[in-house]
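Below is one structure, written out as structure tokens; comments come after it.
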Amino acid sequence: MDPLIARELSKLEPALPFRASTDYLHHTWAKTFFSRPELYIRPQSIPEIQQLVTLARRCRRRLVTVGSGHSPSDLTCTSSWLVNLDDFNQILQLDTATGLVTVEAGIRLSELGARLEEQGLTLKNLGSIDSQSIAGVIATGTHGSSLRHGLLSECIEDLSLVLPNGQLVRCSATNNPSLFRAALVSLGALGIIVEVTFKARRSFNIAWRQERYTLAKVLEEWSTGLWTSHEFVRVWWLPYEKGAIVWRADSTNLPLRAPPKNFYGDWFGYHVYHNLLALSSYVPRILPWVEWFIFGMQYGFKAGTTVTEAVEPARTGLLMNCLYSQFVNEWALPLEKGPEAISRLSAWLHGDLKASGIPFPTKGLWVHCPVEVRVSDSTNNPNPRPFLDPTCHDGPTLYLNATLYRPYLRDPPCKQRYYEAFEWLMRDMGAKPHWAKNFNTLDSTELGILYAEDMDEWLKVRQEVDPEGMFLGEWHRRNLPLLDLSEQGTRDRSDRLPLLERESERRTLNISGAGDGVEWVGDRLTQGHGERRFSHESRDEEPNHSAPSPPTTATSEESFDLLAKGEASILLDANPGL
Ligand SMILES: Cc1cc2nc3c(=O)[nH]c(=O)nc-3n(C[C@H](O)[C@H](O)[C@H](O)COP(=O)(O)OP(=O)(O)OC[C@H]3O[C@@H](n4cnc5c(N)ncnc54)[C@H](O)[C@@H]3O)c2cc1C
Ligand SMILES: O=C1O[C@H](CO)C(O)=C1O
């Protein structure tokens, strides 16, 4: 343990626990990225969060907050300090009459859903899963698929954050609206969101129906009811089959009816599909056959022949089985551009470069399905939009999500060319990438241009609350124009953003169970913790807030003692590994 940390910790409130452990191995849900933070910290109260932020500032450390690690990119990787709010996850207030609910920001949507249900409430919209933390969902602009809803975060009324100076601030549409709009898609770069107030809806059930369409029928109905006939609609496009699975749902008073068994939801089909995907990494040309076979077994071999229906509570019925580790590359574009985007990508995947207009060769290229096709509409949201909201301002939004599975955690062979071509098309059509996902070919300048004044506003707020870049890392540097053009020549970290963590290398992990996942290594690790920071060390002021009196626990004394002795503080179990 760096003696600087022990020294600085000894100057803080000794009774307040600092629940930090070393030797934690962080990884994304998909095990695409791993990193080894210097400390992994799981606070349980706002004073603890304020204390760890103060300590980080004094020790000159970058902070990263991680929710459930479901963002597919390297956004949450760090060799510095990783903060997780899984133990800060209570419902603080709930008003069944108004539907207003205040929660601690670490709560996972699954736990929140179960607790709301006990009170007859639910979230009004969900994405494909509910494993995420509420703060994580907000931070990256997570969406579901419905033209009657925008981003999941549109139900948020009020947020509280701990800023890099340790201050606890609240914001809403009327109270500090710029901070609110910046914090609604914060990319973890403003501070730690600690409390969230949102409006829930009365619990409801959905009746859903799923059937196979031809792609031609999807495109034919695109503007004549495909997306508007039901509250929730999502489409899985099967490119080789030129087919699609259309899933639609509405709220209902019908009695619950469990969905029928499905092929790859069961043990046998799940493993058959997984092994066929693994085989296709060696013999990629079988992929059209795999698509035909698996989706035929799952949804019927012919359009219109098999319909699946069920009635379920919305909080589970809206979710889906995401199967295996995967890369996902998702972009938002105007809904009316969908038929053109899909037709061009379809032409390209079938080798017709001319019709596609996509300048990448397709020889020897084989890809996985599905391409997820989803929608949202933020234009009816009365709350202010996040500055970094990727959805359209003047009409409904389409999302295209190109999925590539990683059977047994191995990367598929054609990823680079498929994603380069897909991103080329998306950029050609003026689309914006989903912040959490695996996009690669846009740089910070281009993203700055795409978001224009909204990016400027977001950067302005960010710079005001975090002038030293305590919440910034390589992902932010790569994707956001953090410096003005006039400052591009400056060495950003040491000159302007002294705490920004740079990536120093990506290396293969020699541990079993990591597959092709890479270890992200930040310069905190390679430079040796603390080196540069001693010279930059600033003894800044105490945060200007009055923290409630801290709880006194045995663990606080233990943690303090261990750290003061320079030993690792293992108040939590170290990551049990893979
Ligand atoms: C299987 C799967 C299915 C998915 N389905 C969908 C979908 O249907 N629709 C969709 O839009 N996306 C989807 N996603 C993406 C996912 O919703 C987002 O990546 C979401 O951000 C993950 O939440 P998390 O809690 O895991 O956050 P993390 O991935 O851990 O973190 C995401 C960001 O939030 C920040 N953050 C987390 N907690 C805090 C906090 N307390 N304060 C400040 N910043 C914080 C982090 O620093 C980071 O920048 C899916 C991902 C997977 C793997
Ligand atoms: O990122 C995502 O993964 C699933 C697809 O498996 C989904 O819907 C996302 O969004």
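Annotations
- Output for the stretch 104-146, where each listed residue is more than 16 Å from ligand 2 (Cβ to nearest atom), closer than 28 Å to Ser229 by Cα and acidic (Asp, Glu): Glu117
- Scanning the stretch 421-443 for residues being within 13 Å of Arg478 (Cβ to Cβ), more than 16 Å from ligand 1 (Cβ to nearest atom) and not charged (D, E, K, R) gives a total of 3.
- If you go through the stretch 306-334 and keep only what is buried (at least 20 other Cβ atoms within 10 Å of the Cβ) and more than 16 Å from ligand 2 (Cβ to nearest atom), you end up with Ala314, Arg315.
- Entirely in the stretch 243-361, the helices (runs of 4 or more DSSP H) that have 1 or more residues that are closer than 30 Å to Glu420 by Cβ: 267-280, 287-299, 338-349, 353-356
- Against the conditions (1) under 15 Å from the mean Cα position of the chain (by Cα); (2) near ligand 1 (Cβ under 9 Å from one of its atoms); (3) within 28 Å of Arg234 (Cα to Cα), Asn84 satisfies every one except (3).
- Of all residues making up the stretch 335-369, the number that are within 16 Å of ligand 2 (Cβ to nearest atom) and either among the β-branched types (Val, Ile, Thr) or under 28 Å from Ala207 (Cα atoms) (or both): 2
- Pick from the stretch 48-81, criterion β-branched (Val, Ile, Thr) and within 6 Å of ligand 1 (Cβ to nearest atom), ranking: farthest from the chain's Cα centre (by Cα): Val64
- Number of residues in the stretch 267-292 that are surrounded by 16 or more Cβ atoms within 10 Å (Cβ to Cβ) and either farther than 13 Å from Leu323 by Cα or of a type in the set (Val, Ile, Thr) (or both) equals 10.
- Listed by position, the strands (runs of 3 or more DSSP E) inside the stretch 142-202 whose residues that are under 19 Å from Leu126 (Cβ atoms) and among the basic types (Lys, Arg) number at least 1 are 192-199.
- Test result for Pro412, farther than 30 Å from Arg58 by Cβ, crowded, with 19+ Cβ neighbours inside 10 Å and touching an Asp or Glu at 6+ places or on another chain (Cβ under 9 Å): no
- Positions within the stretch 349-373 being closer than 22 Å to Met429 by Cα and over 30 Å from the mean Cα position of the chain (by Cα), in sequence order: His350, Gly351, Asp352, Leu353, Lys354, Ala355, Ser356, Gly357, Pro359, Pro361, Thr362
- Residue within the stretch 36-57 that is more than 30 Å from Ser10 (Cβ to Cβ), more than 16 Å from ligand 2 (Cβ to nearest atom) and either of a type in the set (A, V, I, L, M, F, W, C) or at pLDDT 95 or above (or both) present: no
The values are calculated or read from the model by the stated rules, or taken from the named source; none is laboratory data. Please read all numbers here as calculations on a predicted model, not as lab measurements. All Cβ positions, even for glycine, are placed from backbone atoms using ideal geometry, and neighbour counts span all protein chains on display.
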